[in-house]
Amino acid sequence: MTEEQPAGPAVVEGAVIEAAPTATPGIRPSAIVLRADQDEFDHKQLSTLALISPGLANAPRGHLAMFFHYCVRTGLDPFARQIYMIGRTNWKAADNPDEPEKTWTIQTGIDGFRTVAHRAAAKAGESISYEDTVYYDSEGNAHEVWLSKAYPSAVKVTVVRGTARFPFIARWDEFAPTYYDRKSSAYVVAKMWQQMPAHMLRKCAEAGSLRMAAPQDLSGVYVDEEMARADSEAVVREAEEATRRLRQAAGLEAGKLSGDDTKNGSADDAANTSTEKPAPKKRARPAKKAAPAAAPDAQVEQDQAQPKRKPRKRAEPGRAAS
C-alpha cells in the first residue's frame, strides 16, 4: 500500500486558494479566505472588502466577478491589500449616456507585480532578471544613476525573462501627477513625486516592463504609481465641477462668457438702455416774473367780491356870508 499524501491547498491558475476547511487543532479557518469551491465573493467577503475600499459597496456585480477572477489568477490577497479595485468618476458620462458613471481599475503595488511575474516565470521553468536602469535628462543624455535635483525626463527598465528582453520607457510628462495649488495659483507636482522623482518614475517603467514579460498574468492590472496621474486629474475635475456649481448657485456663471456671448450680451445691454431711458434731470427754476395784469373779466369779479366803500361827500365851496 502506498502512503496517502495529506491534502494540500488547491492551486487554481497559479493562485493558492485553501481547499475545504480542515480541522486543525487550535486554528480556526478564516471566514473570508477564498475557497476552491466558490466562483465569486460571498456576503462576508464583500462586507470586508467594502471596509477596505468603501467604493466597492456600489460596484456592479460583473466588475466584482472580474475582480475575483484577477485575485484567483494572480494569487494576491485582496484582504491584505495586495490587490484592490478602485472606481473613478467617468467624466465622459456627462456627455454620452452610453458611458458608465464609473470606471473600475484593478491595482496593486510594485511588490505584487514582481511576485506575480516571478511566479509565472517559475511555472514556465524560466527566471526573471533585470538589466541596468537607464535615466534620461531633458537633452536625451543617458545616466546610470540619477543625481540631479531636476526631474528625470524618462526612465528605461528592461526585464529579461528567459532569453527574451522586454524594455519599457516611462516618460515624466506621461506619468507624473500634478495638482492645482491655490496658494501659488499654479499646477505643482504631487508631494511624493517631488521627494522621490526618479524612484516613482522607475516603478512605472518596471511595471510596464513586467506586464510585457507576463502579459497573461498582469494584463489589466496596474500599479498605484501608474494611476497617480488619473487620480490627480479626477481631483482637478471634481474641484472644477464643484466650483462651477458654486458659481451657478451664486449667479456668477453667466459672467464667464465666450467671445460671441460677450458681443450678444453687450448688444442686449444696449437695447435695454435704449428702451429704458434714465429720468431727466430737473432744471433750475427761473426767477419769478411779475404777475401779468389781470384780465378785464377777472378784474370785474375781483371788484364785485370786494365791498364798495361809500364815496365821501366833497365839501362844497364856502358860500359868502350873508
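None of the figures in this text is laboratory data; all of them are computed from the coordinates on show. Keep in mind it's a predicted model, so treat the numbers as computed, not measured. Cβ atoms come from the backbone with ideal geometry, glycine included; neighbour counts cover every protein chain shown.
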**Item:** Ellipsoid equivalent to the stretch 128-196 - semi-axes via the Cα gyration tensor, in Å
**Value:** 29, 13, 10
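By the scheme Lys and Arg +1, Asp and Glu -1, what is the net charge of all other residues having a beta-carbon under 10 Å from that of residue 175? Numbers along the way, then the final one.
On the way: positive: 171, 203, 229; negative: 173, 174, 225, 226.
Summing Lys and Arg as +1 and Asp and Glu as -1 gives -1.
With 10 angstrom as the radius, rank 101, 226 by how many other C-beta atoms surround their C-beta, starting from the fewest.
Lowest to highest Cβ neighbour count: 101, 226.
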**q = 0.24 Å⁻¹: log10 I(q)/I(0) that the Debye formula gives for the stretch 117-164, counting C-alpha atoms only** = -0.78
**Prompt:** For the stretch 32-88, what are the per-bin percents of Cα-Cα distances with bins 5 Å wide, up to the bin holding the maximum?
**Reply:** 4, 20, 36, 30, 9, 1, 0
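Pairs 123/156; 123/203; 92/156: which are spaced more than 30 Å apart, C-alpha to C-alpha? Numbers along the way, then the final one.
Details: 123/156 27 Å; 123/203 24 Å; 92/156 33 Å.
Pairs exceeding 30 Å: 92/156.
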**Request:** Report the Stokes-Einstein translational diffusion coefficient (µm² s⁻¹, integer) for the stretch 47-189, Rh taken as the Kirkwood radius over Cα pairs, at 10 °C with viscosity 1.306 mPa s.
**Result:** 84 µm²/s
